[in-house]
Amino acid sequence: MGEFFTSVHLEEDLCKGCINCIKRCPTQAIRVRNGKAVITKEFCIDCGECIRICPHHAKKASYDSPDVLNKFEYRVALPPPSLYGQFNNLEDVNIVLTALKKMGFDDVYEVSGAAELVSEMTRAYVANHRGKWPIISTACPTVVRLIQVRFPNLIDHLLPICAPVDLAASTARKKAMDKTGLPSEKIGVVFISPCPAKVTAVKAPIGIGHSEIDAVLAMKEVYPMLLPLMKKSVNDIEELGISGRIGIGWGSAGGEAGSLLTDNYLAADGIENVIRVLEDLEDQKFDQLEFIELNACSGGCVGGVLTVENPYVAKVKLKRLRKYLPVARTHLDGNQDNKVEGYWTDDVKYEPVFNLGKDMREGIANMTRVVELCEKFPGLDCGSCGAPTCKALAEDIVRGVAQEQDCIYILRDYIHRLSNELSKLDRKKE
């Protein structure tokens, strides 16, 4: 089991030790110990729910500062389609793309353009791999990580094609090197992310050896920088857009599946709904489906915690923006290399982070111990112990990171017994 990188971290000074985050975390990766939240990295899937729910803003996502642009001689922006949904009355994506150049980028490459290439590759893959139906989308890093640690039986169903942002990064780098003659290390490929999971996918990619993305900016920080520049861009718009309805549709839930030109699919968004679908899929309830699109954020990428607009409003904005665009503007014709480079190069391996033992015998023994402990606990799942459920506390005890007295009911009974014994001793002395 390797080291795990997570972009979500805790600002201890802001944490009040409340239990909002431990109750919301879908993988029970958070505990409250000594009055502060603690994130277990190997359990975390970077869904960002703790960031969304924390009333004290103690959970943060790691990302780069816009000053990172100064490190490179030539800078290429990778704007995702969800960025377009943040702006009011946007009628032309080229206004945003031109503003990015005014912000300090030398060129832009739409992630939605790469999404149209991925859509074509996916249609071919789904048609040629009926034995692996339903194929599960791998565009959301949180979903891939969730399957890797919790649903090992579904790994073979993962679509082994790079996410659009990775394909966009490699294509943009080659284009920049050909255009400028500069070596790769002097070219900065910068993604504007709607969520922390995309940051993790750059630092610790799954399915590929390394990412071609050099830095990741938060969409919520780029947004206020773009607004005044967009007003200036109206009079000198450059034609920089390379995507149509299919590519921009990827920014919201259902867009990827809709691009496959089939009705035999399922699209779900929101991490709790995603987990429910994966559980049903593991129980073989969806054998007849061709494709499953899963987005950890409600509404799709427009619902990421690093965005600024309400996801459902942003979804409507994208729908309006797509209305008069061609179906697609980027195709594999003339980009045959993408057919090879667009596939994963590494196998995705199961990471048994939730196992309670090194082998089956130890695991069964520890599971038996968990059941015994749960019978001692009140079963209220109150969270007062710092764990989200009584079962989670029992597992922590088995792992050696908690004790029975962490349960306030067990502690209360222990104190009562101790008090009674002391009283008996005092009476004997008298």
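The values are calculated or read from the model by the stated rules, or taken from the named source; none is laboratory data. Here the structure is a predicted model, which means the values were calculated and not measured. Backbone-built Cβ (ideal geometry, glycine too); neighbour counts: all protein chains shown.
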Would you confirm whether any residue within the range 9-20 is farther than 30 Å from residue 184 by Cα, free of Cβ contacts under 8 Å to residues at least 40 places away in the same chain and within 17 Å of the chain's Cα centre (by Cα)?
-> no
Residue count, the range 203-235 (criterion: farther than 25 Å from residue 102 by Cβ and under 18 Å from the mean Cα position of the chain (by Cα)) | 8
For the range 245-269, the count of residues that are outside any helix (DSSP H, G or I) and either on the phi < 0 side of the Ramachandran plot or of a type in the set (Lys, Arg) (or both) equals 14
Scan the range 265-273 and give yes if some residue there is in contact with a Lys or Arg (Cβ under 7 Å, 6 or more places away or on another chain) and at pLDDT 95 or above, otherwise no.
-> no
Please specify each residue of the range 388-430 satisfying the condition of being more than 24 Å from residue 371 (Cα to Cα) and in contact (Cβ under 8 Å) with a residue 24 or more places away in the chain.
-> none
Report, ordered by the first and then the second residue, all pairs with beta carbons closer than 6 Å, sequence separation of six or more or different chains, a first member in the range 123-152 that is surrounded by fewer than 18 Cβ atoms within 10 Å (Cβ to Cβ), and a second member that is modelled with pLDDT of 95 or more and of a type in the set (D, E, K, R).
-> 133/290
Of the listed residues (51, 30), the one being closer than 18 Å to residue 396 by Cβ and not assigned by TED's automatic domain parsing to the domain that holds residue 303 is 30
Only one of (1) of a type outside the set (A, V, I, L, M); (2) part of a helix (DSSP H, G or I); (3) in contact with a Gly (Cβ under 8 Å, 6 or more places away or on another chain); (4) farther than 18 Å from residue 92 by Cα fails for residue 276. Which number is that?
-> (3)
Just one of the numbered conditions (1) surrounded by fewer than 17 Cβ atoms within 10 Å (Cβ to Cβ); (2) within 23 Å of residue 242 (Cα to Cα); (3) in contact with a helix residue (DSSP H, G or I) (Cβ under 6 Å, 6 or more places away or on another chain); (4) not basic (Lys, Arg) is not true of residue 114; which one?
-> (1)
Return the only residue of 68, 76, 93 being touching a Ser or Thr at 6+ places or on another chain (Cβ under 9 Å) and in contact (Cβ under 8 Å) with a residue 12 or more places away in the chain.
-> 93
Within the range 18-99, which strands (runs of 3 or more DSSP E) (wholly inside it) include 2 or more residues that are within 30 Å of residue 318 (Cβ to Cβ)?
-> 59-61, 74-78
Out of all the residues in the range 206-215, is one or more within 18 Å of residue 104 (Cα to Cα), surrounded by fewer than 24 Cβ atoms within 10 Å (Cβ to Cβ) and not assigned by TED's automatic domain parsing to the domain that holds residue 52?
-> yes
Are any residues in the range 45-73 within 23 Å of residue 142 (Cβ to Cβ) and acidic (Asp, Glu), and if so, which ones?
-> 46, 49, 64
Can you pull out the residues in the range 1-56 that are under 24 Å from residue 300 (Cβ atoms) and of a type outside the set (A, V, I, L, M, F, W, C)?
-> 6, 7, 24, 26, 27, 46, 48, 49, 52
Matching entry among 39, 45 (being surrounded by fewer than 19 Cβ atoms within 10 Å (Cβ to Cβ), of a type in the set (A, V, I, L, M), under 22 Å from the mean Cα position of the chain (by Cα) and under 25 Å from residue 202 (Cβ atoms)) | 39
